[in-house]
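Working notes for the structure below.
The values are calculated or read from the model by the stated rules, or taken from the named source; none is laboratory data. In this text, all values refer to a predicted model and were calculated from it rather than measured experimentally. Don't worry about glycine lacking a Cβ; one is built from the backbone with ideal geometry, like all the others, and counts go over all protein chains shown. Protein only, heavy atoms only, side chains kept; ligands, DNA and RNA dropped before computing areas. Shrake-Rupley method; radii C 1.70, N 1.55, O 1.52, S 1.80 Å.
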Amino acid sequence: VFETGLIMVEGALIGTTEFDIVSFDPATSAENWRTHEDIPASILGVNRGAAYWDGMLFRGTQDGQVLAYDFKTGKRLWQTIIADPSIGETVPAAPIAWDGMVYVGQAGGDYKGVKGRMYGLDAKTGKIV
């Protein structure tokens with residue numbers, strides 16, 4: 001089930017689920033690749049999509065991570081933790097990637113009352129800037 005805004009990059013549609021990021025051919029619906037993440041399920045179980053910049057895709061996860069993937073293969077390039085799921089924080093939002101940075105926030109205020117934060121990550125390394 002997709003709860004995501006699909007993005008079109010170089011002739012491929014990219015979508016996310018709670019556990020997967022998928023690249024597929026929009027003309028045939030054939031998968032180019034799918035990467036599955038073994039992360040704990042969340043009670044809310046959503047992901048709002050991915051971002052693209054310079055050959056890389058970025059997404060958040062329900063266990064508090066931001067992940068980067070190679071656009072052509074789906075291979076994970078890096079992971080950075082920005083949220084604490086033990087207190088109800090998650091990263092379901094679609095990141096924004098621009099000018100070598102990935103911008104994303106954590107969520108949980110609507111469910112657990114946590115305070116929100118925004119992050120800027122180096123797109124090549126995942127380091128919090």
Next on the checklist: Just checking, does segment 111-118 include any residue being under 23 Å from residue 35 (Cβ atoms) and not hydroxyl-bearing (Ser, Thr, Tyr)?
Outcome noted: no
Checklist outcome for this item: Of the residues in segment 75-97, those that are open to solvent by 40 Å² or more (accessible area, probe 1.4 Å), part of a strand (DSSP E or B) and closer than 25 Å to residue 24 by Cβ come to 76, 77, 79, 96
Checklist entry - Hey, any hits in segment 1-13 for a residue that's part of a strand (DSSP E or B), under 15 Å from residue 96 (Cα atoms), at pLDDT 95 or above and among the β-branched types (Val, Ile, Thr)? => result yes
Item to check | Which numbered condition residue 125 misses (of (1) modelled with pLDDT of 95 or more; (2) hydroxyl-bearing (Ser, Thr, Tyr); (3) surrounded by 17 or more Cβ atoms within 10 Å (Cβ to Cβ); (4) assigned to a loop (DSSP other than H, G, I, E, B)) | outcome: (3)
Item to check | Residues satisfying the stated conditions in segment 75-94, i.e. under 14 Å from residue 46 (Cα atoms) and within 13 Å of the chain's Cα centre (by Cα) | outcome: 90, 91, 92, 93, 94
Checklist entry - Which one of these is hydrophobic (A, V, I, L, M, F, W, C), more than 18 Å from residue 3 (Cβ to Cβ) and touching a residue at least 40 places away in the same chain (Cβ under 8 Å): 68, 83, 50, 94? => result 68
Checklist outcome for this item: Filter segment 60-74 for residues that are under 10 Å from the mean Cα position of the chain (by Cα) and not in a strand (DSSP E or B); the one that is nearest to residue 124 (Cα to Cα) is 61
Checklist outcome for this item: If we keep only residues of segment 33-57 that are open to solvent by 90 Å² or more (accessible area, probe 1.4 Å) and outside any loop (DSSP other than H, G, I, E, B), then the residue nearest to residue 74 (Cα to Cα) is 34
